[in-house]
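This report refers to the structure that appears directly beneath it.
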Amino acid sequence: MTASSKKTELYAGFEQGPIRPPSEAQSLLIRITRNCPWNRCTFCPVYKGETFSLRPVDHVIADIDAVGHHVEFLLRMSDASGRVSQADMNAYHLQVAAPDRPAFFAAVNWFANGMESIFLQDANSLIIKPEDLIRILRHLTARFPKVRRITSYARSHTIAKISDDFLTAFRMAGLNRIHIGLESGSDEVLKQVEKGVDKKTHILAGQKVKNAGIELSEYVMPGLGGRALSRVHALETADALNKINPDFIRIRTLAIPSHVALHEEYAAGRFEKLTDAETAEELLLFLETLDGITSTIKSDHILNLFEEVEGKYPEDKARMADVVRQFILLDPRRRLLYQVGRRLGLLSRLSDLNASHLVDRVDEICRQNGITPMNADDVISDLMKRFI
Ligand code: SF4
């Protein structure tokens, strides 16, 4: 979008982008840019074919005010316990004009979730002018003074170029958590998947966020290096995180839907995808190499094989590594049952293999669908595509 077209863009009402981190499910989503300014990562299915643009700050402010207007009504209608009766809600809904309904629904959803957090969309909100971001943050905290957390996605490449003074100013204006898609600390892997950033820049950006007093959440992607780079991916990613010591390390295992560029490499045999057992080996090496940090590991994505690999370093390190080790040591049949049961949402931890009513169901599904240890990874690959 050119500067002149930006000036003439008319406000078309409240907007929401397509995604947010799993941990922001209860947040109000405020869209300050559209899509991704980089948009080249070969594993990423989001925003492809979409053009990046900045939203005029006045439009963002109008979105915030539109939600704020509805929140005020909802608060006025609520009883002592904070609830609004269905009858009052229906009556209010009928008064809301159609163009204003997206803001109304966003307000109702946020109100129902306790109105504690806000997430700034889309993929890299920190790319806007620092002064504009500060204006938006100040407006948010003025309009919603009880909000406890304002968060955003940002690229390391962008953060590395922002002055420490501005990062501190963001924190003082209310931005208290940043989510970065680190994915890998290996320069070879980062280059291979066209992440557009190297390990050094990832480390610099992470350290800058931490030094500014902003909570930092780093996403890592087991399996991203494929078979050829699995070991270096685990070692270098852990090494980068050891130097950053983020507040959160969030695991999101690689899946390869057919509409991403990496799928072409995979289909042509140039990228060898890890099996679940190989991913477990890589994850174990990663967990064992993380050292000297106080980060919390989160496994809050359905693509991950181990929901229970969650905890804080250093005290939970041995327990988390042991979960993965136990899986690796399972006999092929029980390993298959766990893999399939987890991806179907029937099992969530290894100890669920002791629950015969659950295991019998998974066993029956495997039999009905001809799933065996030999074809399990292909079947699971297909299942995982549905979760993206
Ligand atoms: S920077 Fe993030 S949103 Fe953009 S293409 Fe890469 S992974 Fe996707």
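The values are calculated or read from the model by the stated rules, or taken from the named source; none is laboratory data. Please read these numbers as outputs of a predicted model, since none were measured by experiment. As a convention, Cβ positions derive from the backbone with ideal geometry for all residues, glycine included, and neighbour counts pool all protein chains shown. Side chains are part of the model used for accessible areas, which takes the heavy atoms of the whole protein and leaves out ligands, DNA and RNA. Shrake-Rupley method; radii C 1.70, N 1.55, O 1.52, S 1.80 Å.
A few notes on this one:
- Only Lys, Arg, Asp and Glu carry charge here, each on its Cβ (+1 for the first two, -1 for the last two); on that basis the chain has a dipole of about 680 debye about its Cα centre.
- Rolling a 1.4 Å probe over the protein heavy atoms leaves Val193 with an accessible area of roughly 0 Å².
- Note: relative contact order over the chain, using C-alpha pairs below 8 Å and six or more positions apart, is 12 percent.
- Cα gyration tensor shape for the range 222-284, rounded if a/c is under 1.5, else prolate or oblate: prolate
- For the range 1-80, the Stokes-Einstein estimate of translational diffusion at 37 °C and a viscosity of 0.692 mPa s comes to 219 µm²/s, using the Kirkwood hydrodynamic radius over alpha-carbon pairs.
- Measuring only protein heavy atoms, the 1.4 Å probe finds Ile365 accessible over about 50 Å².
- You can think of it this way: the chain between Glu264 and Arg325 has 18.7 nm of extra reach, that is 0.36 nm per residue less the Cα-Cα gap.
- Close amide H pairs (under 5 Å, H built 1.01 Å from N) link Ile118 with Leu28, Arg149, Ile150, Thr151, residues at least 5 positions away or on another chain.
- Counting only DSSP beta bridges whose two residues both lie in the range 212-359, roughly 20 percent are antiparallel.
- All C-alpha pair distances within the range 170-291, sorted into 10 Å bins from zero, spread as 14, 44, 29, 11, 2 percent across the bins.
- More than 25 angstrom apart: percent of Cα pairs within the range 257-385: 31 percent
- Relative contact order (%) - the range 185-270, alpha-carbon pairs under 8 angstrom, separation at least six: 34 percent
- Dipole moment magnitude, nearest 20 debye, the range 1-76 about Cα centre, only Lys, Arg, Asp, Glu C-beta charged: 300 debye
- Against the compact-protein benchmark of 2.2 N^0.38 Å, the Cα-based radius of gyration of the chain scales to 1.06.
- Distance-filtered residues of the range 298-332 - backbone nitrogen under 14 Å, label point 7 angstrom along Leu383 Cα→Cβ: 302-307
- Think of the range 8-75 as a dipole: +1 on every Lys or Arg Cβ, -1 on every Asp or Glu Cβ, centred on the Cα centre; then among Gly49, Gln16, Thr33, Gly49 lies furthest on the positive end.
- When only alpha carbons are used to place a centre, the range 111-151 and the range 294-338 end up 33 Å from one another.
- When the charge dipole of the chain is built from unit charges on Cβ atoms (+1 for Lys and Arg, -1 for Asp and Glu) and taken about the Cα centre, the candidate among Leu336, Met384, His157 whose Cα reaches farthest toward its positive end is His157.
- Note on the range 211-348: dipole from Cβ charges, positive end direction compared against Val324, Asn211, Ser295; the farthest Cα belongs to Val324.
- The range 76-131 shape via C-alpha gyration tensor axes, a/c threshold 1.5: oblate
- Choice from Ala321, Ala355, Ala376 showing the highest fluctuation, given a GNM over the chain with Cα pairs closer than 10 Å: Ala355
- A straight chain from Asp65 to Asn354 at 0.36 nm per residue would run longer than the Cα-Cα distance by 98.8 nm.
- Model label zone, Ala228; criterion: amide N under 16 Å from point 7 Å along Cα-to-beta-carbon; scope the range 252-272: 262-272
- Volume per residue that the Cα convex hull of the range 55-213 spans, once the total is divided by residue count, Å³: 132 Å³
- Lys312 long-range amide H proximity, modeled H, under 5 Å: Ile297
- Isolated cysteines in the chain, defined as those with no second cysteine Cβ under 4.7 Å, comprise Cys36, Cys366.
- For Glu264, solvent-accessible area (1.4 Å; no DNA, RNA or ligand), Å²: 130 Å²
- Of all lysines in the structure, those lying under 26 Å Cα to Cα from Lys48, and not within fewer than 8 positions of it along the same chain, are Lys6, Lys7, Lys129, Lys161, Lys191, Lys195, Lys199, Lys273, Lys385.
- DSSP bridge analysis restricted to the chain gives an antiparallel fraction near 15%, rounded to the nearest 5.
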